[in-house]
Amino acid sequence: MDFELSDELKMIQSTVRDFVTEQLRPLERSILGRAADLSDATMYLPVEKERELMGMVKDLGLWGVSIPEELGGGGLDTLGNCLVEEELAQTIVPFNFGDVTPILFDCSPEQREKYFAPVLERQKYAYLALMEPGKEGFEDMEMKAEKTNGYYSLNGRKASLSRAGEDYFAVVFAKTTLDRKPRDGVTCFLVDKDAPGFAASGGKEKAGWEAQVREPISLVFDRCQVPAENVLGEEGKAFHLGKKWLPARRIVRGARCVGAAQRILEESTTQAQTWTSFGQIISGRPSVQAALADIATNIHAARLMVYEAAWRADQGQSLRREAAMVKLFVTQMIHYVADNAAHIFSAPAYVAGLPMERFCRDATAMSATNFALQLQRNIIARDILKGVKVG
Amino acid sequence: MPLREQADVKQVETVLNEILNINSPPVARCRLLSSGFNPGHTLNITENIAGHKECLACGCCIDVCPFLFREPSRREKTEQRTSMALEIIVGADCDQCDACVLACPQVDTTIKNYIVNRRMIEVMSRLEQRIGDEDEPDLDLFAEEALS
């Protein structure tokens, strides 16, 4: 058993760490806002700054590291991706190294040129249109697509939480066969911005206090005509898209939580070493020390779990159970860490405008998914019980 | 706190399923199907209450009801904490989760076991449907993509 990272991975990790420390962390204040009432807080970095950072990352050879080589990316393995995301999650600045949803990895060569490449280059934004207003899951999807004369006619409404931009297209999931199970009969379409019958509204970038709230983009399809060549993957097989890559994304998301938790620990340690109460530095108090120790132990356990699952993914092993375990543990871990950090910080963890507050709020939001966690428990339990005969 | 000799579910299965299918809190009707009060649990009283099936007004069913948790203002309609109060204030808005039956101390364990093993399995199958088999796509992965 070797817990040592390869030289290549160590180099990537330290390069990303330096980039985050030197380039992204100094920008946190401009995202959180400098004014007393935080009226200048923003959701994203200015476009010019993003372009500049993108250029830097390209010079480092790290743009699109998570994208498979055949699609023009770096083809970094899951463990490498986890290391990159863990470092990137240690800042609240919304910037990634050319992340594209694996749903688009199944584009045909023509679609790759027209849709995938512009998304990777941040020239176009892909609006992932899966959810429907007022619907919890995808089982009772109402959006329909009917095929007539080589065209599909799309009818329905969708809500997307993707980032809005000037130039965009929608990745729409719609029912093409109505008498099948929820998993079957759903087809994915790439719908151009100017397709007749397609309208998108909302999702505009907010400033000030409202920058904290991400408004969904409302997508309306009224007899929207989409040519058959814009079908992504096979007809009726939308939920089979990205099959090869999506399970590993769950582990990479776990790595993001580990990164965020690591930053919370760092901020908490600084707070504990500098804050005094009743004439004593609070790091001398046993309760604060215990909180720090518990946070560090939880992060360590989560990190090992993420790395082991990522290693399994890279070995080509089945990771349904491991990925579920990562999601279950890491989601609870980040909530626990934020809760303990709030004890160390007392009030400042809830003061708007501090990075700590943003991290704690995001951590609580991440863990507010009880039903999703129950699903993970179900996956794990089924795997344990598989093949076990009772009685 | 039912009697040691409890209701045989096989004998009451049809009625029980009918009760559980009605869109109203089933606790009171399940209590009436049960064996009644076990005298072993009484304090020192002279009256013989063995087999009595009245509501104890413990309020467990009211406390556990998820609908009343979502709409606590309905609780204020009455100070009573009986199964009848539950039926009146929840009525047809019942989620049919059967939590009230499981919380009631007067319902037979045999009936509770039946509900857990035979009725609640439907909830698990709904989860199963969402996850799919080993080689089927996990829809939750798509939900994660849509939300992140």
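Data table
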quantity	calculated
Any chance residue A:131 is out of contact with any helix residue (DSSP H, G or I) (no Cβ under 9 Å at 6 or more places or on another chain) and either of a type in the set (A, V, I, L, M) or within 14 Å of chain B (Cβ to nearest Cβ) (or both)	no
Residue match in segment B:35-44 (condition: at negative phi, touching a residue at least 12 places away in the same chain (Cβ under 8 Å) and in a loop (DSSP other than H, G, I, E, B))	yes
Number of the condition not met by residue A:35 [criteria: (1) of a type in the set (A, V, I, L, M, F, W, C); (2) surrounded by 15 or more Cβ atoms within 10 Å (Cβ to Cβ); (3) in a loop (DSSP other than H, G, I, E, B)]	(2)
Residue list for segment A:92-114, filter: more than 14 Å from every other protein chain (Cβ to nearest Cβ), more than 14 Å from the chain's Cα centre (by Cα) and not basic (Lys, Arg)	A:107, A:108, A:109, A:110, A:111, A:113
Residue among A:115, A:152, A:127 that is assigned to a helix (DSSP H, G or I), among the hydroxyl-bearing types (Ser, Thr, Tyr) and at pLDDT 90 or above	A:115
Residue within segment A:227-236 that is away from chain B (no Cβ under 14 Å), crowded, with 22+ Cβ neighbours inside 10 Å, touching a Ser or Thr at 6+ places or on another chain (Cβ under 7 Å) and not acidic (Asp, Glu) present	yes
Unique match (being assigned by TED's automatic domain parsing to the domain that holds residue A:331 and either modelled with pLDDT of 90 or more or in contact with a Lys or Arg (Cβ under 9 Å, 6 or more places away or on another chain) (or both)) among A:279, A:254	A:254
Count of residues meeting criterion [under 13 Å from the mean Cα position of the chain (by Cα) and within 15 Å of residue B:113 (Cβ to Cβ)] in segment B:2-32	4
Residues located in segment A:74-87, provided they are surrounded by 19 or more Cβ atoms within 10 Å (Cβ to Cβ) and among the small types (Gly, Ala, Ser)	A:74, A:80
Helices (runs of 4 or more DSSP H) fully within segment B:79-148 counting 1 or more residues that are within 14 Å of chain A (Cβ to nearest Cβ) and at pLDDT below 80	B:121-131, B:139-147
Selection from segment A:318-364 of residues that are of a type in the set (Val, Ile, Thr), within 14 Å of chain B (Cβ to nearest Cβ) and either without any contact (Cβ under 8 Å) to a residue 12 or more places away in the chain or touching a Leu at 6+ places or on another chain (Cβ under 8 Å) (or both)	A:331
Given (1) over 24 Å from residue A:248 (Cβ atoms); (2) crowded, with 21+ Cβ neighbours inside 10 Å; (3) within 14 Å of chain B (Cβ to nearest Cβ); (4) among the hydrophobic types (A, V, I, L, M, F, W, C), index of the condition residue A:173 fails	(1)
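One line per residue, one yes/no per condition, for (1) out of contact with any helix residue (DSSP H, G or I) (no Cβ under 6 Å at 6 or more places or on another chain); (2) assigned to a loop (DSSP other than H, G, I, E, B); (3) over 21 Å from residue A:160 (Cβ atoms):
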residue: A:196; (1), (2), (3): yes, yes, no
residue: A:239; (1), (2), (3): yes, no, no
residue: A:248; (1), (2), (3): no, no, yes
residue: A:251; (1), (2), (3): no, no, yes
residue: A:260; (1), (2), (3): no, no, yes
residue: A:283; (1), (2), (3): no, no, yes
residue: A:298; (1), (2), (3): no, no, yes
residue: A:303; (1), (2), (3): no, no, yes
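This table checks each residue for (1) closer than 18 Å to residue A:177 by Cα; (2) assigned to a helix (DSSP H, G or I); (3) acidic (Asp, Glu).
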{"position": "A:99", "(1), (2), (3)": "no, no, yes"}
{"position": "A:103", "(1), (2), (3)": "no, yes, no"}
{"position": "A:111", "(1), (2), (3)": "no, yes, no"}
{"position": "A:133", "(1), (2), (3)": "no, no, no"}
{"position": "A:138", "(1), (2), (3)": "yes, no, no"}
{"position": "A:158", "(1), (2), (3)": "no, no, no"}
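The values are calculated or read from the model by the stated rules, or taken from the named source; none is laboratory data. Note that the structure is predicted; figures quoted are calculated from it, not measured. Positions of Cβ are backbone-derived with ideal geometry, glycine not excepted, and every protein chain shown enters the neighbour counts.
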